[in-house]
Amino acid sequence: MTKLWAELDVLIDESAVVGSFQLILDGRFVLFLYQGSVEGEPQHGMFTFGYNTLSDQYEASWVDSWHNNTAIMFCVGTSMERGFSVLGNYPDPTGRPDWGWRTEVELVDKDHLLITAYNIHSEGGEAKATESRLSRVKK
């Protein structure tokens, strides 16, 4: 299930999300392909992440059919107690300074993953933007 906020504490959408996680390139990276909807319109996305042993940091990239238009968002970050947090940015469509986008990935338990993203306003301040609670489907 994914929730979407457009403004501080104003939930604008809640929808089911389905996806798959795949280890790629001999387990060096994880690829998360997903689909859901925003206000009834189908959306698709891809989140690739891994740990860069040379720079000693987590790295990730986001592409999707809603947030990023045709851009790839590159992110870097550090570990958390049960996962990691990465920070990227994206251009303000009005030409003002870029906004930040912080993503936390938390392994709740062996069958549940929480991915939470926060918008960081170009003038400061952070607000929850998305929250995806994912459950493993056992075959």
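A few comments on the model shown:
- With a 1.4 Å probe rolled over the protein heavy atoms of all chains, the accessible area of Val63, Val18 falls in the order Val18, Val63, largest first.
- Dipole magnitude for the chain: computed about the Cα centre from +1 point charges on Lys and Arg Cβ and -1 point charges on Asp and Glu Cβ, it is near 560 debye.
- Solvent exposure, largest accessible area first (probe 1.4 Å, DNA, RNA and ligands not counted), of Glu41, Glu106: Glu41, Glu106
- Apolar share of the accessible surface for the range 40-139: 55 percent from carbon plus sulfur atoms, 1.4 Å probe.
- Net charge of neighbours whose Cβ lies under 12 Å from the Cβ of Lys3, counting Lys and Arg as +1 and Asp and Glu as -1: -2
- Accessible surface, the range 68-139, averaged per residue in Å² (probe 1.4 Å): 63 Å²
- Counting only aspartates and glutamates at least 8 places from Lys138 when in the same chain, those with an alpha carbon closer than 13 Å to its own are Asp111.
The values are calculated or read from the model by the stated rules, or taken from the named source; none is laboratory data. Note that the coordinates shown come from a computational prediction; the quantities given were computed from them, not determined experimentally. Positions of Cβ are generated from backbone atoms using ideal geometry, with glycine treated the same way; all protein chains shown enter the neighbour counts. These area figures cover heavy atoms from the full protein model, side chains too; ligands, DNA and RNA do not enter into them. Shrake-Rupley method; radii C 1.70, N 1.55, O 1.52, S 1.80 Å.
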